[in-house]
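Pasting in a structure now, in structure tokens, and then I'll have a few things to ask.
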Amino acid sequence: MIATELLAAPPLDLSPGFGADLVAGLSRRRKELPAKYFYDERGSRLFDLICELPEYYPTRTELDIMEVHAGEMARLLGPGCLVIEYGSGSSLKTRVLLRELERPAGYVPVDISREALLAAAAALRERFPEVPVRPVSGDFTGDLALPLEGLHPARRAVYFPGSTIGNFHPPDAVDLLRHIARQVGAGGALLIGVDLRKDPGVLEAAYNDRLGVTAAFNLNLLARANAELGADFHLDRFRHRAFFDLVRSRIEMHLVSVGRQEVHALGRTFHFEDGESVHTECSYKYGPGEFVNLAARAGFRQQGLWVDDDRLFSVHLLVAR
Ligand code: AVJ
């Protein structure tokens, strides 16, 4: 199948599970909504704004690491590498990597947000006309068929920047890493950005920015439920809350109900007590060694590790056994 056909499906296909996941998540004793639904068009735009915030250090720190070390990473990845990117987002870091790679066999961005995917594919095609670009629209946790016809890579590499792996509970992260190990095959590579554990004040500031962009990003989940599922959330009756849980080593984001209220969606009624929260995101933070152990459980061994001088962020190169 060619890329344009993959992209031609109706927009509803982007979130086939949103309704079901919303009903299931709001029916739990501790209400929750999956973080992957943040990224509709508006959510992706808000996330791009988050990446520019002074408090949100991960994006610029990871980009700095790439700018300093992409040459070494590319040498370790070798010539003729096929790059499969999970969550293409904005493609700045990818460009830094691709420009260092020797004759990359192709670039396959996989993203749940069609808008982000199209933008990434267009930008990369323009910048690297000699590299075949084969975008895939969908959820990278699923079994996606990759459109690799006519490509003959020497090696497969998944590029997974942005510390998105932090959104997965550790057992699910191991499952996802195993899935990646299968996708790249024995000897295949995973280049992955992982946010590091650090001063809780620094972490909490990154998720409680002064401009309130993160709050808007969080609340966008409810706006999206209203727009796509006909829900009747009052956005001014939920407030953003984010904190670092030291024991679990994770940032938690919540939407907290202001007052008792009822919300209707998809023929269901959901009751909220005053102060009751909907858990919307976990963002796990790892020590470098901890993450290596996690990856080892999925069959990866570490080949490279790059960290910035302030020890804020790490990029790991892992090889599948
Ligand atoms: C895209 C998962 C890396 O966890 O830091 C940013 C998403 N949430 N601010 C993160 C996010 C709130 C982000 N990741």
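The values are calculated or read from the model by the stated rules, or taken from the named source; none is laboratory data. As the structure is a computational prediction, the values presented were derived from the model and not from experiment. Positions of Cβ are backbone-derived with ideal geometry, glycine not excepted, and every protein chain shown enters the neighbour counts. These area figures cover heavy atoms from the full protein model, side chains too; ligands, DNA and RNA do not enter into them. Shrake-Rupley method; radii C 1.70, N 1.55, O 1.52, S 1.80 Å.
Pairs, please: C-beta under 8 Å, at least 6 apart or cross-chain, first residue within 16 Å of the ligand (Cβ to nearest atom) and in segment 213-240, second part of a strand (DSSP E or B) and among the basic types (Lys, Arg)?
Short answer, once both residue conditions are applied: Ala215/Arg239.
List pairs: first residue in segment 27-38 and in a loop (DSSP other than H, G, I, E, B) and within 12 Å of the ligand (Cβ to nearest atom), second residue at pLDDT 95 or above and aromatic (Phe, Trp, Tyr) anywhere in the structure, Cβ distance under 6 angstrom, at least six positions apart or on different chains.
none
Next question, about the same structure. Within segment 39-82, which residues are assigned to a helix (DSSP H, G or I) and farther than 27 Å from Ala157 by Cα?
Hits for segment 39-82 are Glu41, Arg42, Gly43, Arg45, Leu46, Leu49, Ile50.
What's the number of the condition His254 fails, among (1) touching a Leu at 6+ places or on another chain (Cβ under 7 Å); (2) within 15 Å of the ligand (Cβ to nearest atom); (3) not in a helix (DSSP H, G or I)?
(1)
Considering only segment 74-87, state which residues are open to solvent by less than 10 Å² (accessible area, probe 1.4 Å) and touching a Phe, Trp or Tyr at 6+ places or on another chain (Cβ under 9 Å).
Matches in segment 74-87: Leu82, Val83, Ile84, Glu85, Tyr86.
Could you tell me whether Phe243 is open to solvent by less than 10 Å² (accessible area, probe 1.4 Å) and either of a type in the set (A, V, I, L, M, F, W, C) or modelled with pLDDT of 95 or more (or both)?
No: the conditions fail for Phe243.
Okay, next question. When only residues in segment 145-164 that are within 11 Å of the ligand (Cβ to nearest atom) and closer than 28 Å to Arg103 by Cβ count, which is most open to solvent (accessible area, probe 1.4 Å)?
Thr164
When only residues in segment 58-91 that are modelled with pLDDT under 95 and in contact with a Cys (Cβ under 9 Å, 6 or more places away or on another chain) count, which is nearest to Lys285 (Cα to Cα)?
Gly89
Another question, then. Kindly provide the set of residues from segment 183-229 that are in contact with a Lys or Arg (Cβ under 9 Å, 6 or more places away or on another chain) and in a loop (DSSP other than H, G, I, E, B), ordered by number.
Listed by number, the residues that qualify are Gly185, Ala186, Gly187, Gly188, Arg197, Lys198, Asn208.
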